[in-house]
Structure formats: C-alpha cells, structure tokens
Amino acid sequence: MKCPFCGYTDSKVIDSRTTPEKDMIRRRRECLSCRERFTTIEQVEILQPMIVKKDGRREAFDPQKLMRGLRKACEKRPVSIDALEKVVNRIQRTIEEKGEKEIPSREIGAEVMAALHALDDVAYVRFASVYREFKDIEEFLSELQELLKNQNKSETD
C-alpha cells in the first residue's frame, strides 16, 4: 500500500475492522518510512454477469435498471421502496450465488414476476404485460383470469 504522505510502498496494519454491514474492511496502517498513519477501506469487487436478452444481445446486469422497472410496475401502488430494494437485493444475491458469467433475461424476469405476484397483483400484471409481450388481448385476458382464479382460491382457503 502506497503511503499518501511520502509515497513509500510498504506499511504495516495496526488495526482491522469490518463495517457493520460486513461488506468492507477498514484497516488502520502505519508507513514504515515516515511513520504517518492512514486508513484504507477494502471492498470485494463482484463482477456482474452478462444478461442474455431475448434477441441475443448481452449487457451487464444493472441493479439500478431492475429497480427502475420495478418502480415503473409499482407506480401509484401501495408498495414501499424498501420492499422493492429487498426484491432487487434478493435477485442480485441469487445471481451472484449462481456464479455464472451469463444469465438469460427470462430467468431474471421469472424472479421479478414471482416477487411482484407476492407484493401486488396490479404491479404483477403491469410487469407481465410488458415482459411476456402478449400477442393479443385473448392471451392477456387468459393471464388475468388465471390471476383472478388464484386470488379467489387463496381467499377461500
């Protein structure tokens, strides 16, 4: 580690602590040349996988893009930002745990649809109407009827 005071490239670690979130390590260091002390923060860099789109294009996974899509689906609905952040974090964690370099967008879409289905039926239908690209009104109505059937079934249970 290069000393920010004298530029010497060797130092010793005096103290190490993890952040409360356990995602970074704070290290207190002392330069072996000038004896000045300084702090460094270490964070693991996780490379995001590429998302393979329906048309074969590839783009890096972007949690912010996922959040924008969720917010759009939940616009004017009683779904908190905190709930949406939890969905994004869960999906991101699932992707990271897979450890794959490429993931089909349909897998992420399925995760989002399942999460929205549990959060808000209207948001689910909004997202599904864009994601599933219904070919005609009959296909859309079929999805709505299935949703209503499942909702009625859960109300009677």
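Post the alpha-carbon centroid distance, the range 92-123 to the range 1-38, in whole angstrom.
Here the answer is 39 Å between Cα centres.
Pairs K2/K101; K65/K101; K12/K101; K72/K101; K22/K101; K53/K86: which exceed 30 Å Cα-Cα? Please report the intermediate quantities before stating the final value.
On the way: K2/K101 33 Å; K65/K101 19 Å; K12/K101 36 Å; K72/K101 28 Å; K22/K101 25 Å; K53/K86 24 Å.
As for pairs spanning more than 30 Å Cα to Cα, those are K2/K101; K12/K101.
Given q = 0.16 Å⁻¹, what are the Debye log10 I(q)/I(0) values for the chain, with equal point scatterers placed on the Cα positions and solvent ignored?
-0.97
Rounded to the nearest 0.05, what FRET efficiency do E100 and M1 give with R0 = 30 Å and r taken as the Cβ-Cβ distance? Could you check? Intermediate values should be presented prior to the final figure.
Values: r = 33 Å, r/R0 = 1.10.
So the FRET efficiency works out to roughly 0.35.
Between V87, V122, V44, whose Cα lies farthest towards the positive end of the dipole of the chain when Lys and Arg beta carbons carry +1 and Asp and Glu beta carbons carry -1, centred on the Cα centre?
Toward the positive end, the furthest listed residue is V44.
Mean residue ellipticity at 222 nm from the helices of the chain, using -39,500 (n - 2.57) per DSSP H segment of n ≥ 4 over the full residue count, to the nearest 500 deg cm²/dmol?
-15500 deg cm²/dmol
Stretched out fully, how many nm does the piece from F140 to S16 gain, at 0.36 nm a residue minus the Cα gap?
My answer for the length gained is 39.0 nm.
Could you list, by residue number, the cysteines of the chain that have no other cysteine's beta carbon within less than 4.7 Å of their beta carbon?
Lone cysteines by the Cβ rule: C74.
Any idea what the dipole of the chain comes to, in debye rounded to 20, about its Cα centre with Lys/Arg Cβ at +1 and Asp/Glu Cβ at -1?
820 debye
Pop a pseudo-label 7 angstrom from the Cα along the beta-carbon direction at both K65 and M24 and give the gap in nm to one decimal.
Distance between the two pseudo-spin positions: 2.6 nm.
Kindly provide the chymotrypsin sites (Phe, Trp or Tyr not before Pro) of the range 1-60 that DSSP labels as loop, not H, G, I, E or B, and whose Cβ sees at most 14 other Cβ atoms within 10 Å. Spell out each step's value before the answer.
Details: sites: F5, Y8, F38; in loops: F5, Y8.
Passing both the DSSP loop test and the Cβ count: F5, Y8.
Restrict the search to the range 1-57; then list the trypsin sites (Lys or Arg not before Pro) that DSSP places in a loop and that have at most 13 other Cβ atoms within 10 Å of their Cβ.
Passing sites in the range 1-57 are K2, K22, R35, K53, K54, R57.
Counting GluC sites (Glu not before Pro) as exposed when in a DSSP loop with at most 13 other beta carbons within 10 Å, what is the longest stretch of the chain free of them?
Value returned for the longest uninterrupted segment is 101-132.
What full-extension length gain, to one decimal in nm, is calculated for L147 and T9 as 0.36 nm per residue of separation minus the Cα-Cα distance?
Result: 43.4 nm gained on full extension.
Any read-out appearing in this document is the output of simple, stated calculations on the displayed coordinates, not a laboratory observation. In this text, all values refer to a predicted model and were calculated from it rather than measured experimentally. A quick note on method: Cβ atoms are made from the backbone with ideal geometry, for glycine too, and the neighbour counts reach across all protein chains shown.
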